[in-house]
């Protein structure tokens, strides 16, 4: 009997307020999960191919944080009755990260890809025009995704600027 009531709720026949919340939240969480898996894999690839020790540690830390985010999103989706709808097509239709890191130019491209991937996740979690009326905006897992990706984006940008500045030296004009 209870199973029939759950099926009715998902088929749109009878929605309680919590079911309505799930129907609105699950697709966003599924999209964030797919994007987080791609970002995690990109960090793993870049980390393995990076020779700079500091950047290697940074990529490794970010990889582990994305791995935790994937676990949180999967757990939350299961609690809301989702995650069964996450299909391989979600990964095949999204832009696949490519990073063959060899040399500085390739690493620059990979950093750009990582920053773009973080921006994509942040835009999904906080789309332009989102209001507090949209329940998923206040979802714990979405907040964790936003916080983690924003911190990683800033950290990656700052570390990369330090690396670039250290290699190129100061660019202040010479006043002699």
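Here's the yes/no breakdown for (1) crowded, with 17+ Cβ neighbours inside 10 Å; (2) at pLDDT 70 or above:
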{"position": "85", "(1), (2)": "no, no"}
{"position": "96", "(1), (2)": "no, no"}
{"position": "108", "(1), (2)": "no, yes"}
{"position": "125", "(1), (2)": "yes, yes"}
{"position": "160", "(1), (2)": "yes, yes"}
{"position": "166", "(1), (2)": "no, no"}
Quick one: which residue in 73, 42, 58 is at pLDDT 90 or above, over 15 Å from the mean Cα position of the chain (by Cα) and surrounded by 13 or more Cβ atoms within 10 Å (Cβ to Cβ)? 58
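The values are calculated or read from the model by the stated rules, or taken from the named source; none is laboratory data. Fair warning: this is a prediction, and the values are worked out from it, not measured in the lab. For neighbour counting, all protein chains shown are included, and Cβ atoms are generated from backbone atoms with ideal geometry for every residue, glycine included.
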